[in-house]
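A.B. asks: This is the structure I want to talk about, given as structure tokens.
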Amino acid sequence: MSVDHTVRLARHGLLAVTAVVCLFLAACAGGVSLPAELAPMRPGNPAEGYLLEPGNRVRITVFNEPNLSGDFTIDPSGTLSIALLGNIPASGATAKVLAKRIEDTLRKDAYLQEPRVAAEVQTFRPFYVLGEVRHPGEFPYVSGMTVLSAIAKAGGYDYRAWEGETLLVRDINGEQKEYRAVERTPILPGDIIKILQRRI
């Protein structure tokens, strides 16, 4: 048997062993396959760039005008109904854009000459925890949440869960992007956390 032939056989043997090891690890982890890209670890401000939608509650402050200020809920048609001003389109706008719309309406209707308005998001779209948790489903978002606190909301891991790392799906400019996430990864409104299954 030639040296070249022996080397080729050794290489094939090594590849076969590697394939078996990979299959074994995949079987142990239930075929766990996570994206290479880790989700952003900087918490950030959930209200920054957040697009309002029906059901969100927004705090409107019209400076020096308490009668026009208060907490308002965006109705199913996507508008905010404010006394004297009527319906202001809100769905799909950021809080900053909404504040500017209210200022423009106040100025246009001659209610105030130099109105100053601030809008602050009070409630966000929910997040979702799916897969190997005790109570998968939809949950209200609270600022400062991480993957671990989201899993806790869903009752914790079940006995089949692949713990420690998970799949996080996030809407980025209208498209869903998948990330690998760890328990301390901060989450944002609308995130989907998928806890994968392991097998032993």
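A.B. asks: Check LEU52, LEU38 and return the single one that is under 22 Å from PRO189 (Cβ atoms), outside the structural domain of GLY78 (by TED's automatic domain parsing), touching a Gly at 6+ places or on another chain (Cβ under 8 Å) and modelled with pLDDT of 85 or more.
C.D. replies: Just one listed residue meets the conditions, LEU52.
A.B. asks: Test GLU163 against the stated conditions and say whether it is surrounded by fewer than 20 Cβ atoms within 10 Å (Cβ to Cβ) and part of a loop (DSSP other than H, G, I, E, B).
C.D. replies: So GLU163 fits the description; yes.
A.B. asks: Another question, then. Restricting attention to region 78-85, does a residue exist that is free of Cβ contacts under 8 Å to residues at least 12 places away in the same chain, under 23 Å from ASN45 (Cα atoms) and not charged (D, E, K, R)?
C.D. replies: So far as region 78-85 goes, no, none of its residues is free of Cβ contacts under 8 Å to residues at least 12 places away in the same chain, under 23 Å from ASN45 (Cα atoms) and not charged (D, E, K, R).
A.B. asks: What number of residues within region 121-137 satisfy the criterion of being surrounded by 14 or more Cβ atoms within 10 Å (Cβ to Cβ) and outside any loop (DSSP other than H, G, I, E, B)?
C.D. replies: Matching residues across region 121-137 total 7.
A.B. asks: Turning to a different aspect of this structure: Among residues belonging to region 78-94 that are in a loop (DSSP other than H, G, I, E, B) and surrounded by 14 or more Cβ atoms within 10 Å (Cβ to Cβ), point out the one that is farthest from the chain's Cα centre (by Cα).
C.D. replies: LEU85
A.B. asks: Hey, another quick one. If GLN113 meets every condition in (1) surrounded by 15 or more Cβ atoms within 10 Å (Cβ to Cβ); (2) in contact with a Lys or Arg (Cβ under 8 Å, 6 or more places away or on another chain); (3) part of a loop (DSSP other than H, G, I, E, B) apart from one, which number is that one?
C.D. replies: Only one criterion in (1) surrounded by 15 or more Cβ atoms within 10 Å (Cβ to Cβ); (2) in contact with a Lys or Arg (Cβ under 8 Å, 6 or more places away or on another chain); (3) part of a loop (DSSP other than H, G, I, E, B) is unmet by GLN113, namely (1).
The values are calculated or read from the model by the stated rules, or taken from the named source; none is laboratory data. Keep in mind that what you see is a predicted model, and the values were worked out from it rather than measured. Note: ideal-geometry Cβ built from the backbone for every residue, glycine included; neighbour counts use all protein chains shown.
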